[in-house]
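The values are calculated or read from the model by the stated rules, or taken from the named source; none is laboratory data. Everything numeric here is computed off the predicted structure, so don't read it as measured data. Cβ placement follows ideal geometry from the backbone for every residue including glycine, while neighbour counts extend to all protein chains displayed.
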Amino acid sequence: MDGIKISIENLNLYFGKQHVLKNIDAQIPTNKITVIMGPSGCGKTTLMKSLNRLTDLNPDAHVSGSIFIDGEDILQTKDDITLIRKKMGLLAQRPYPLPMSIYNNIAYGLRISGRRKKKVLDRRVEHYLRQVSLWEEVKDRLKEPAGRLSIGQQQRLCLARGLAVGPEIILADEPTSALDPISSQAIEAQFNILKKNYTIVLVTHILRQARRLADHVIFMYLGEVIEQGSAAQVFENPQQEMTKSYLKGMFY
Amino acid sequence: MVNKTLQRVRRIRPGRLLQDTLHGLWMRLTLALVMLLPVLLFAGMYYKSSMLLQTNSLLELIFSGEWKPMSGKFGFYPFIISSLWVTVVALLLAAPICLLTTIHLTQYARRWVLRVMHPVIDILAGIPSVIYGVFGILVVVPAIADYIGPVFGKQISGYSILAGAVVLAIMIIPFILNILIEIFKNIPDELAEASLALGATKWQTIKLVLIKKALPGIIAAFGLGMSRAFGETIAVLMVVGNVTRVPTGIFQPGYPLPALIANNYGEMLSIPLYDSALMLAALILFVVVLLFNFASRLIIIQSEKRVA
């Protein structure tokens, strides 16, 4: 296996007294799709959110351990947290367009990183909307509120706005769970293209989606990593009993 | 087994159906009554005030500053302006406090702080207004007379528009807070997360995304707070001075509409048309509060169309 983008070591996370992530050790390879799978409530989303420290938002959260991204421990870093977050685009379970126009949804992140020239913004907005094949659908209505787009379009808009700030990693939390089959396909197709340039972490509980997309798999249960490895290994030759029964669809 | 149950059901049936209809009817009647109430109130006040309106035009009454009931001159201008002064100043005082408190409670504070604050806010909202009035007389009025007034070079008693506005602000803060907290709690966390993930700081997220998302609700909350302030009577009456004159500054006394009604109704009704004039004041109050509410809702609908 080539480079490791993210390396998680002995990560523990508590919400108050609740022990949500237990001794997590995991590696996420560069420019591959890593799927985190497992039944609901096993800590998949929390693990993903701890990667860009959105868990900081919960004042009751307590984290220990290390998360190395490109060799730097982001839990200990003295760097500006916003710089770490900009390295990662986030795609949530449902699209949450910012309460502004389609254009400004993309321009928002760019403006925040200090790009204010109209020409630059125009060019970039178009570029990223094209990248998610949304440009043709919205080019005449860029000033309209983003909330008027269909859910599938909104999710692609959210992907585009994430890409616009130039991340190296894409974090996607069940990004197709609210979408119709065609929009889901569009997003999945995007991921297969994007993995050439981005490291993608995909949380999903849809087994078929995991099989379709995964290069690398992390299987979690009740806050622990049960098994991890290449997709071929985990799907074809799982080592743990729990993984086997999960893959067969028998789960307690 | 099944047959037996069926028989039992048939046996209870006739009475049940009748009761069902009866209770449905009751509920519809009470609903109609509640919906009729504002209409009846309006009609009653209009009927009473129509006697004054027969001899004077409404515009004339509203824009005339002459209040001489003995000679039949009823100009509401000073009262309307006083009401506007205390209401607007109260809102200006309360709005930033409410907004900042809400943002802190919903975005920064630990959860238990909000859990503690909720009953505190409810208690504040439930305190009888006369107690706020007493607080105004004991604390706010002397503070204005002894400290705030002199800073601005004024020698005053303290009974002023400002005193009324401060007391009002304190009274509407819990009311507005409750609405605002609800609005900010209803914004999904994922929206803030989306903004943060794009590299925004917390403050940028609050300023550019959350407040924008909440804007219709914020405006509505302030609108409702304003209509509440406009109609508040006793606490304002106790500290505002009650001098019939058009106020031109916050250190002058004023005489808001509700105070006018409360102070005089039942007192000097032997004067011709006096009760009719007070009813007209009530009618104006009613309509203005109604308009505030209407406007708030209109703004919500409009901006929801724009933002959502």
- line: When the stretch A:96-107 is checked residue by residue, the ones that are within 21 Å of residue A:169 (Cβ to Cβ) and more than 7 Å from chain B (Cβ to nearest Cβ) are A:105, A:106
task: Answer yes or no as to whether residue A:56 is of a type in the set (Asp, Glu) and either more than 10 Å from chain B (Cβ to nearest Cβ) or in a strand (DSSP E or B) (or both).
output: no
Helices (runs of 4 or more DSSP H) contained entirely in the stretch B:198-308, each with at least 2 residues that are over 15 Å from residue B:87 (Cα atoms) and in contact with a helix residue (DSSP H, G or I) (Cβ under 9 Å, 6 or more places away or on another chain): B:211-231, B:257-264, B:274-307
task: Identify the residue in the stretch B:99-151 that is assigned to a helix (DSSP H, G or I) and of a type in the set (Lys, Arg) and, among all such residues, is surrounded by the most Cβ atoms within 10 Å (Cβ to Cβ).
output: B:111
task: Among the candidates B:162, B:191, B:198, single out the residue that is within 10 Å of chain A (Cβ to nearest Cβ), at negative phi and touching a Gly at 6+ places or on another chain (Cβ under 9 Å).
output: B:198
- prompt: In the stretch A:158-183, what count of residues is obtained for those that are within 15 Å of the chain's Cα centre (by Cα) and over 25 Å from residue A:5 (Cβ atoms)?
  reply: 0
- line: Taking the stretch B:31-54 and keeping residues exposed (fewer than 10 other Cβ atoms within 10 Å of the Cβ) and of a type outside the set (A, V, I, L, M) leaves B:54
task: Would you be able to say whether some residue in the stretch A:23-31 is within 14 Å of chain B (Cβ to nearest Cβ), surrounded by 15 or more Cβ atoms within 10 Å (Cβ to Cβ) and not hydrophobic (A, V, I, L, M, F, W, C)?
output: no
message: Looking only at residues that are of a type in the set (Val, Ile, Thr) and in contact (Cβ under 8 Å) with a residue 40 or more places away in the chain in the stretch B:105-122, which one is nearest to the other protein chains (Cβ to nearest Cβ)?
response: B:106
task: Go through (1) surrounded by fewer than 16 Cβ atoms within 10 Å (Cβ to Cβ); (2) within 14 Å of chain B (Cβ to nearest Cβ); (3) touching a residue at least 24 places away in the same chain (Cβ under 8 Å) one by one and return the number of the condition residue A:148 breaks.
output: (3)
- request: Looking at (1) modelled with pLDDT under 90; (2) part of a loop (DSSP other than H, G, I, E, B); (3) not β-branched (Val, Ile, Thr), find the lone condition where residue A:99 falls short.
  value: (1)
statement: Quick count over the stretch B:89-140, residues being more than 22 Å from residue B:214 (Cα to Cα) and among the β-branched types (Val, Ile, Thr), is 11
task: Select from the stretch A:133-163 the residues that are of a type in the set (A, V, I, L, M) and over 18 Å from residue A:196 (Cβ atoms) and list them in ascending order.
output: A:134, A:138, A:142, A:146, A:149, A:151, A:157
message: Being on the phi < 0 side of the Ramachandran plot, touching a residue at least 12 places away in the same chain (Cβ under 8 Å) and more than 12 Å from chain B (Cβ to nearest Cβ) is true for just one of A:93, A:131. Which residue is that?
response: A:131
- line: Of (1) at pLDDT below 95; (2) closer than 30 Å to residue A:85 by Cβ; (3) under 23 Å from the mean Cα position of the chain (by Cα), residue B:125 fails just (2)
